[in-house]
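The values are calculated or read from the model by the stated rules, or taken from the named source; none is laboratory data. Being a predicted model, the structure only gives us computed values, none of them experimental. Cβ sites come from the backbone with ideal geometry, for glycine too, and all protein chains shown count toward neighbours. The area values use the complete protein model at the heavy-atom level, side chains included, leaving out ligands, DNA and RNA. Shrake-Rupley method; radii C 1.70, N 1.55, O 1.52, S 1.80 Å.
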Amino acid sequence: PRVPAVLKKRLVKLVVNFLFYFRTDEAEPIGALLLEHCRITKEEENVFSISFIEEPERKYCFECATEEQCQEWVEALRRASYEFLRRSLIFYRNEIQKMTGKDPLEQYGISEEARFQLGAHRQ
C-alpha cells in the first residue's frame, strides 16, 4: 500500500538543472532533483508537481505563497533541462547563421559536435 503524502516545509534553490531542497534551519541541502526526463504540472492554485518519466507514480508537490510565484517556478523549471537548453542553442545557432551567414559555434571549434546538431541525441 502507498504511504500517505506528508507535507514538509522546505526551501528550494534551482541551479541549472538541479532543484536543491533544504530544511528551513539548515544551510546544506538535504537532497536534489535532477530535472531531466520529468514533467512539471500545474496542479491547482499555488501548487505544481514534478514527476519523472521513469517513476510516474512518484510525485513531488510544491506549494507557493502566490499564484504568480507558482507560475514563475513552473516556467523556470520547464526551461531548466539539458534538452530544453540544447534545443534553444540549436534554434538560436540556426537563426544567427541565417542572419550572418556564419556558424557562431565555429569560433569555438565545436560546430561539428553531434550534441549541437539537430536530431542528435546525447548519451
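With all protein chains in place and a 1.4 Å probe, the accessible surface of the chain carries 54 percent carbon and sulfur. Here is the tail figure for the chain: Cα pairs spaced more than 26 Å apart come to 37 percent of all pairs. Grab the other residues whose beta carbon is less than 11 angstrom from that of Ser88, score K and R as +1, D and E as -1, and report the net. With Lys, Arg at +1 and Asp, Glu at -1, the net is +2. Lys13: which lysines have alpha carbons under 20 Å from its alpha carbon, excluding same-chain residues fewer than 8 sequence positions away? Within reach: Lys42, Lys59.
I'd like the orientation of helix 67-78 relative to the chain: the angle between its Cα long axis and the longest Cα principal axis, in ° from 0 to 90, rounded to 10. Value to nearest ten degrees: 50.
Rounded to two decimals, the Cα radius of gyration of the stretch 11-80 over 2.2 N^0.38 Å is 1.07. Compared with the dominant principal axis of the Cα atoms in the chain, helix 82-100 is inclined by about 30°.
Accessible surface area normalised per residue over the chain is 76 Å², counting heavy atoms of protein chains with a 1.4 Å rolling probe.
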